[in-house]
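One structure is given here, and the rest of the page talks about it.
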Amino acid sequence: MASSQVPRLKDVAAKANVSLSAASRILRGERQRFGEETCDRVLEAARELGWRRNLLVSGMQTGRTRTIGVMIPPFDSFWVDVLAGIHLVLAQADYLPITVWVGDCQEMPHFEKDEDEGFKQISRLLDRRVDGLILWPSFAVAYYDHFRELLERKVPVAVIDHEYSEDQIADSIETDEAASARAVAEHLISLGHKRIACLSSREAAWQAWAVRRRECFEQAVEELCGVEVTSRRLNPWGTDGLEVAREILSQTPRPTAVFAVTDHEALYLYEAAAELGLEIPRDLSIIGFADLDFAATLRPALTTMRQRPREIGRRAAQLILDRLDGEMFDSPPTTIRVGADLIVRKSTGRLAE
């Protein structure tokens, strides 16, 4: 009858006929000082016995758990792809992401309703001795005052889509808002549009990306054609998107083109345009931002700026690993800006003469 006992390191050493220390070093990857035949013998013995490293013991020995706390909800296709990029890099480096969030993924405002729950989730990760943290913007704002404590504990932090002030104390990875907003402005102006509006999000404290996106767009339009953008934003709860879209499209004179700071806001513009009997793009050009999974299926298909979420996720994970590997541990926090790509579809068109 086969033994149910979990194979131990000393069993591997005995089967390979090497010392316990040699087996341990070889299985940790320290193989330079041992011959190829010896290493192969130890690895083969480990495979035959079904030995696996005890990560709890290894963590006590090295001070590392090889886990990264990831506080990002799979809210939409953008964040799902960010998580995919993070997972890919961490898996290749033999790190395990522990992903948690707060509330219901179908209701974005819920994430900021219970700050205590956010603290509780971060504390759960820290209690499990994660080696680093990757945060989405709302958690970055809520936990900002504790970042110095994390740095003192040698826990690197990377934040996605949140720009810091001069007192930057964590790494940040974000979309290049200035270049992207200018590309949007250039596209609309090239089509002859001069009565241009912008529909922004709530612009909550953690939505600094939306503020930058809107402001950069306003500045680009002013610089390129000398006109002022009419901008509106949602209420603090994000519950009046359709009403704000109706307001924008009911102005006199009506804008001929509207930039929505995300594809989510573009949906409100489509609905309002249908209610008001406006045809897209004959009467109204609409351009979004993100290229979410529904953008190409809208009728007409939505012109949008395609962000690079997998690259953003990969860069965030790699920053954490670089800090942990010592390559960047003592260097000051950095901000990485990732480009976006204009995807022209059927929702923007040349202004009718």
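The values are calculated or read from the model by the stated rules, or taken from the named source; none is laboratory data. Remember, it's a predicted structure, so these values are computed and weren't measured experimentally. Glycine also receives a Cβ, built like all others from the backbone with ideal geometry; neighbour counts cover every protein chain displayed. The accessibility values were calculated without ligands, DNA or RNA, using every heavy atom of the protein model including side chains. Shrake-Rupley method; radii C 1.70, N 1.55, O 1.52, S 1.80 Å.
Under the 0.36 nm per residue contour assumption, what length would be gained going from the current alpha-carbon distance of Val100 and Ala179 to full extension? The partial results should precede the final answer.
Numbers: separation 79, 0.36 × 79 = 28.44 nm, distance 3.20 nm.
Taking Val100 through Ala179 to full extension adds about 25.2 nm, to one decimal.
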How much length would be gained if the chain were fully extended between Arg33 and Glu279, taking 0.36 nm per residue of separation minus their Cα-Cα distance, in nm to one decimal? 81.3 nm
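Round to the nearest 0.05 the FRET efficiency obtained for Ile169 and Asp11 when R0 = 41 Å and r is the Cβ-Cβ distance.
Values: r = 47 Å, r/R0 = 1.15.
With a Förster radius of 41 Å, E is 0.30.
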Asp293-Ser190 pseudo-label distance in nm [points 7 Å out on the Cα-to-Cβ vector]: 3.1 nm
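For the range 269-353, run through the chymotrypsin sites (Phe, Trp or Tyr not before Pro) and keep only the ones in DSSP coil with at most 16 other Cβ atoms within 10 Å of their Cβ.
Values: sites: Tyr270, Phe289, Phe294, Phe329; in loops: Phe294, Phe329.
Sparse-neighbourhood loop chymotrypsin sites (Phe, Trp or Tyr not before Pro): Phe294, Phe329.
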Computed over the Cα atoms of the range 229-353, the Rg and Dmax in Å are 18.8, 61
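Please give the per residue accessible area of the range 204-353, computed with a probe of 1.4 Å over protein heavy atoms only, in Å². Could you put the intermediate results ahead of the total?
Working: 7010 Å² over 150 residues.
Normalised by residue count, the accessible surface of the range 204-353 is 47 Å².
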Length gain on complete extension for the stretch Lys154 to Asn235, per 0.36 nm per residue less the alpha carbon to alpha carbon distance? 25.3 nm
Surface share of carbon and sulfur [accessible, 1.4 angstrom probe, percent] for the range 170-223: 50 percent
Exposure rank, largest accessible area first [Tyr95, Tyr268; 1.4 Å]: Tyr268, Tyr95
